[in-house]
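The values are calculated or read from the model by the stated rules, or taken from the named source; none is laboratory data. Note that the coordinates shown come from a computational prediction; the quantities given were computed from them, not determined experimentally. Please note: Cβ atoms are built from the backbone with ideal geometry, for glycine as well, and neighbour counts cover all protein chains shown. Only protein heavy atoms, including side chains, enter the accessible area calculation; ligands, DNA and RNA are left aside. Shrake-Rupley method; radii C 1.70, N 1.55, O 1.52, S 1.80 Å.
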Amino acid sequence: MTAEAGPRGAGWSEALRRHARRHRSIAIGLGAALLAMAALVLGSLVELLLGGASDGLRLGFLGGLAGFAATALGAAPALAMRTMPQKLSDMLLGGAAGMMLAASAFSLIIPGLDAGQQLTGSRGLSAAIVVFGMGLGVLLMLGLDEFTPHEHETVGLQGPGSDRVGRIWLFVFAIALHNLPEGMAIGVGFSHADMTVGLPLTTAIALQDMPEGLAVALALRGVGYTPGQAVLMGVATGLMEPVGAILGVGLSGGLAIAYPTGLGLAAGAMIFVVSHEVIPETHRNGHQTPATVGLMAGFALMMALDTTLG
């Protein structure tokens with residue numbers, strides 16, 4: 001077993017190096033984003049050790065657990081359901097996309113601009129900080145999408161060494177890439193223990209996690225997994241939300257400039273996922289109109305939630 005594991009690991013490492021050489025600019029961007037995130041997390045860890053971020057960490061983790069619970073609740077009906085009308089599925093995913101877009105605007109970008117302006121006293125500098133964070137979020141998700149082995153239902157295998165990874169793990173990695181920025185957004189929203197930012201954001205993400213959890217479980221049933229396996233895997237993908245929430249608190253709970261930067265980073269990552277993954281998926285079956293109606297309804301619902309709970 002050890003003799004086999006060595007060559008397999010070496011083969012994946014070589015595939016990763018070749019992939020990085022072919023996509024040098026994306027690799028550099030991912031490295032820069034990870035370094036910047038590491039610096040923010042390091043500052044927050046120092047703050048946490050000094051006892052300054054305990055409330056934010058507790059609230060962020062609870063928010064991540066709420067996202068996990070919503071994903072599990074959404075996946076559960078797949079025990080009895082085998083399929084869903086594609087038009088309804090596209091409309092529900094469109095609604096999830098609309099909520100993610102509205103959450104990015106109302107619960108991440110606008111609070112980030114306000115926090116940046118309080119910090120710098122300048123609207124221009126505030127916008128620059130948030131835009132910088134959004135850029136980091138896009139670089140992070142672009143790099144993870146390019147370099148993480150995963151599989152999409154429409155375009156097949158993606159990432160270096162994906163042919164060496166079991167299919168079940170490729171599905172898990174694909175959904176993990178989707179759920180990570182949502183968890184990060186929850187963590188960033190609660191990093192300063194501000195309920196007016198964290199509560200509407202977590203509520204919106206939890207609501208849109210339910211149709212996503214169902215869609216994932218039904219997709220797994222459609223490719224041959226048993227009902228129990230499909231639901232279990234759908235539930236397991238929700239674990240990325242509390243993990244991402246802890247990372248989000250770490251990103252934004254330390255240095256003062258880290259908060260608006262982290263809000264921008266979470267917004268950039270979520271907008272990337274919506275544009276790169278969710279909207280194309282809802283439009284590929286010819287149901288653009290129902291999907292767009294769902295997106296607008298989700299956007300309006302999130303706007304109302306933010307106004308009511310914020």
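Just the residues that are closer than 14 Å to GLN208 by Cα, touching a helix residue (DSSP H, G or I) at 6+ places or on another chain (Cβ under 6 Å) and buried (at least 17 other Cβ atoms within 10 Å of the Cβ), please, taken from region 292-310.
Once the filter is applied, which keeps residues that are closer than 14 Å to GLN208 by Cα, touching a helix residue (DSSP H, G or I) at 6+ places or on another chain (Cβ under 6 Å) and buried (at least 17 other Cβ atoms within 10 Å of the Cβ), region 292-310 yields GLY294, LEU295, GLY298, PHE299, MET302, MET303, LEU305.
For the structure I just gave you, tell me whether LEU251 is touching a helix residue (DSSP H, G or I) at 6+ places or on another chain (Cβ under 7 Å), farther than 30 Å from GLY56 by Cα and of a type outside the set (S, T, N, Q).
no
Determine whether ILE110 is within 10 Å of GLY264 (Cβ to Cβ), assigned to a helix (DSSP H, G or I), modelled with pLDDT of 90 or more and out of contact with any Cys (no Cβ under 8 Å at 6 or more places or on another chain).
Spelling it out, it is not the case that ILE110 is within 10 Å of GLY264 (Cβ to Cβ), assigned to a helix (DSSP H, G or I), modelled with pLDDT of 90 or more and out of contact with any Cys (no Cβ under 8 Å at 6 or more places or on another chain).
Report yes if some residue within region 69-89 is open to solvent by less than 50 Å² (accessible area, probe 1.4 Å), more than 30 Å from VAL223 (Cα to Cα) and at pLDDT 90 or above; otherwise report no.
No, region 69-89 contains no residue that is open to solvent by less than 50 Å² (accessible area, probe 1.4 Å), more than 30 Å from VAL223 (Cα to Cα) and at pLDDT 90 or above.
Using beta carbons and a limit of 6 Å, which pairs, at least six apart or on different chains, have the first residue in region 51-73 and of a type in the set (Ser, Thr, Tyr) and the second one assigned to a helix (DSSP H, G or I) and at pLDDT below 90?
THR71/ASP209; THR71/GLY213
Which of the residues belonging to region 263-286 are open to solvent by less than 40 Å² (accessible area, probe 1.4 Å) and more than 13 Å from SER104 (Cβ to Cβ)?
THR282
Identify all residues within region 65-122 that are within 25 Å of ILE246 (Cβ to Cβ) and not aliphatic (A, V, I, L, M); write none if there are none.
Matches in region 65-122: GLY67, PHE68, THR71, GLY74, SER104, PHE106, SER107, PRO111, GLY112, ASP114, GLY116.
Is it fair to say ALA102 is at pLDDT 90 or above, touching an Asp or Glu at 6+ places or on another chain (Cβ under 8 Å) and not charged (D, E, K, R)?
So ALA102 fits the description; yes.
Report, ordered by the first and then the second residue, all pairs with beta carbons closer than 7 Å, sequence separation of six or more or different chains, a first member in region 277-289 that is closer than 19 Å to VAL216 by Cα, and a second member that is outside any helix (DSSP H, G or I).
As it stands, the answer is ARG284/THR154, since those pairs meet every condition given.
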